[in-house]
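One structure below.
The values are calculated or read from the model by the stated rules, or taken from the named source; none is laboratory data. As the structure is a computational prediction, the values presented were derived from the model and not from experiment. Using ideal geometry, Cβ is built from the backbone for each residue, glycine included, and neighbour counts are taken over all protein chains shown.
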């Protein structure tokens, strides 16, 4: 009996040692996995922050050479216009402008430059739900005091591509909107002019079919209604849909390309390039995407 008891005790010890070793192996693997994930997210955050920093240095009137220094050679360089037409009119009046598309796994960068090789308009489209650069815009707002009066100004400077919603533009009603489906790919775009807070530039916010996106089924129904000539700006379904949507692309057009009619209290913005964007959307078009993926 004594020998049997000793044997059983030895077996129990061996089993416990085996369990301990298995636990230690599991713990070792878990620690390595955590270290690996930490390194992955550290690299990801570092890469994103590096790209955010470079994107923040882009502005209208920057030189093409400067943008290329930041992001390397563009995937595409082409003169505008290509042979596009809209509303029965040719866009051939867009002359002496060159489009460049820079492609990164995180985003698309589109620049439009003039004869002097200075950027007169640009757009950024996020391709990754976790890549969310800041929109370079500060909107001054009056802060209402408890007595109903308005005091100091505050600034909205936290608009993020792929994170912020159209409703985060607060009470800013779009000057113009567009749904369109060139090449069967539907986009939404709206235009804003903020005056001095926006540097007297024209801002575009939209949903690109080639950027990061969520389910867009309802957008197709609204696009169909819009393209049939319905005024969706006053439609309750559109207003609700717009308040729920995140924009994945934004663009900025420099004031040098805009002509103003200020005979009314609201400036009327005119630009052939603006019409071009409202027809084709921001960022790369379907033919560019096809060539990128080929």
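Taking the criterion of being modelled with pLDDT of 85 or more and not in a loop (DSSP other than H, G, I, E, B), the residues of region 277-294 that qualify are 277, 278, 279, 280. The residues of region 107-124 that are at pLDDT 90 or above and surrounded by fewer than 18 Cβ atoms within 10 Å (Cβ to Cβ), listed by number, are 117, 118. Against the conditions (1) surrounded by fewer than 21 Cβ atoms within 10 Å (Cβ to Cβ); (2) over 17 Å from residue 253 (Cβ atoms), residue 210 satisfies every one except (1). Residues in region 54-97 that are modelled with pLDDT of 90 or more, closer than 17 Å to residue 283 by Cβ, in contact with a helix residue (DSSP H, G or I) (Cβ under 8 Å, 6 or more places away or on another chain) and surrounded by fewer than 17 Cβ atoms within 10 Å (Cβ to Cβ): 2 in all.
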